[in-house]
1. Which residues' amide hydrogens lie under 5 Å from the amide hydrogen of ASN158, considering only partners 5 or more residues apart or on another chain, with H built in the peptide plane?
2. Which value, in Å² and to the nearest 10, is the accessible area of TRP319 when all protein chains are kept and the probe is 1.4 Å?
3. Find the accessible area per residue for segment 255-389; the probe is 1.4 Å, ligands and nucleic acids are left out, and the unit is Å².
4. Name the GluC sites (Glu not before Pro) in segment 283-336 that are in a loop by DSSP and that have at most 15 other C-beta atoms within 10 Å, would you?
5. Quick query: amide H of VAL330 versus all other amide H atoms, modeled in the peptide plane; which residues come in under 5 Å with a sequence gap of 5 or more or a different chain?
6. Between SER86 and THR179, take the C-beta separation as r, use R0 = 60 Å, and let me know the FRET efficiency to the nearest 0.05.
7. Can you work out the Karplus-derived ³J(HN,Hα) for every residue in segment 322-336? Use 6.51 cos²θ - 1.76 cosθ + 1.60 with θ = phi - 60°, whole Hz, and x for glycine or proline.
8. Counting other Cβ atoms within 10 Å, keep those with at most 15, restrict to DSSP loop, and tell me which trypsin sites (Lys or Arg not before Pro) in segment 354-424 are left.
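The values are calculated or read from the model by the stated rules, or taken from the named source; none is laboratory data. As the structure is a computational prediction, the values presented were derived from the model and not from experiment. Don't worry about glycine lacking a Cβ; one is built from the backbone with ideal geometry, like all the others, and counts go over all protein chains shown. Note: accessible area is taken over every heavy atom of the protein model, side chains too, but ligands, DNA and RNA are not part of it. Shrake-Rupley method; radii C 1.70, N 1.55, O 1.52, S 1.80 Å.
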Amino acid sequence: MLFSSSSRPRSGSIAPALLRLLVSGRTLPRIALRRWLWLALAVGMALGGPAIAQETQNKKPTHNLAQGKLPRQVLQTLQQAQVPPSGLSVLITPLPNSLISNTEPRHLSHQAHASVNPASVMKLFTTYAGLSLLGPDHVWRNRIYTDGPLREGMLQGNLIVRGSGDPKLVVERLQDLMTQVQAAGVREVRGDIVLDRSVFDVRERSEPFDDEPLRPYNVSPDGLLLNFKAVVYKFTPDGASGQVQVRFEPPLAGLTVPSQLPLTSAPCTDWRRQLQADFSQPLQVRFAGSYPSRCGEREWPVAYPEPEAYAPRVIRALWLGAGGQLTGQVRYGTRSASARLLLEAPSLPLSDIIQNINKFSNNVMAQQLYLTLSSELGAPGRFEASRVRLSQWWRSGFAGQDEPVMDNGSGLSRHERSTAQALTALLQAAHSGTHAKPFVSSLSVAGMDGTTARLKDRNPQSPVIGNAWLKTGSLRDVASVAGYVQGQSGQRYTLVAVLNHPNAQQARAALDQLLEWTVRDTRSPKANTP
């Protein structure tokens, strides 16, 4: 028994005790930790941070939702893809603050309380929790320290780069950071450049999520995440020479890449396969094939195959490339107690960060934000502590709603779960809350940008184009969409639709059809209208 009746803590003392336990790194027997978690969540932990706007708390949709058949066209698409209706979960309902008089808005509820895997739609929980708990103006502060005397541009000691968990410390900002360091007086480091990533307590995955380890979505989070741990190869055809010019960024110390490849007149189909790339040697990339001239200029982002070596090689190359000198090495470590702050470089604000996360479904950025929910409390960010904090946030603001099951906060998981009803509650609360503008702006505009831009290619005449703000999700057996839809009547809706089935990708057209059915709300409102 974890607590005796006389020593069991009061509910008010559980929150700080459990949070200290989670961020301390101490190891408890699994059954003891499980009891801590269940007891804490049962009595309600106060982990700090503002709850969502008071007017949205405890609010559930109050409409009488249609429980009728799915639209006929949707049923036909499911049948053709051999997906039973039970493989689809849907909830479409008007936004409460946008009801239009003298109209009968769309309503559709189909398995809205079923627990499903929404894939990247789970990012909606992470980003709205981030806005609520951190605020849209939150920034990550990257800091540079010195631990020795600095005279006439020469540092007799180490230069320490302390990461903040910044989700978007990309090459352009890294180059600017090198310039700032030299402008602050450091041009030669007679010691080491130390990379401190201790703001997070995470490890590289022992195995990738799937069989595509070099796809950038498989990159692991990092307290000092540089350029998403990816190398972007750029191919520029030169018809005069019959060659394609090959460049890459960011620079990595020691990496060699062929500068030219032969052009071919082959169709621009699977051009990556035609390159016959070999990334097995981290410092020597090989392309044994050719490049189709019809492809024009293209880019190929690839996760670096040796992720632990990525940051040291990038920092060394950028520092030397900026004219800096270094007598020691670039290595991982932590800031010494005697180190002095040289400069601080803030990140982009959270309101900008979540646009990358939601519009373009950036997995590692979502995980960086998710870990920040616990790291900003003053101890290293851990997935376990972030789960607890988000759980309390949800229970405080969405009492009575099905609680989402979080893993890493990105949806790149076989374990994360939610319901269409819970996602609808979040969308409606976000739309009426104080952070509505940055949240809605972070979503992909249908057929216009982000992950839904291809809607215009699939159906150039679709009425959904420009009339929906969406987050999409996709895994091997998941296809999903959630967000806001503007009907032709002027009525606005929340829409959540999730396919969980081995043939989910073959049935993805059903999601487009549900969007169109919602937009065309000036027709008969019955759910079984095609």
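1. When sequence neighbours closer than 5 places are left aside, the close amide H contacts are ASP147, GLY148, ASP192.
2. Its accessible surface works out to 0 Å², give or take rounding.
3. On the way: 6000 Å² over 135 residues.
Per residue, segment 255-389 has 44 Å² of solvent-accessible surface.
4. On the way: sites: GLU297, GLU299, GLU308; in loops: GLU297.
Counting only loop positions with at most 15 other Cβ atoms within 10 Å, the GluC sites (Glu not before Pro) in segment 283-336 are GLU297.
5. Excluding prolines and chain starts, which carry no amide H, the hits are ILE193.
6. Computed FRET efficiency for SER86 and THR179: 0.55.
7. Whole-Hz 3J(HN,Hα) from phi for segment 322-336: 7, x, x, 10, 8, 8, x, 10, 9, 9, 7, x, 10, 5, 6.
8. ARG414
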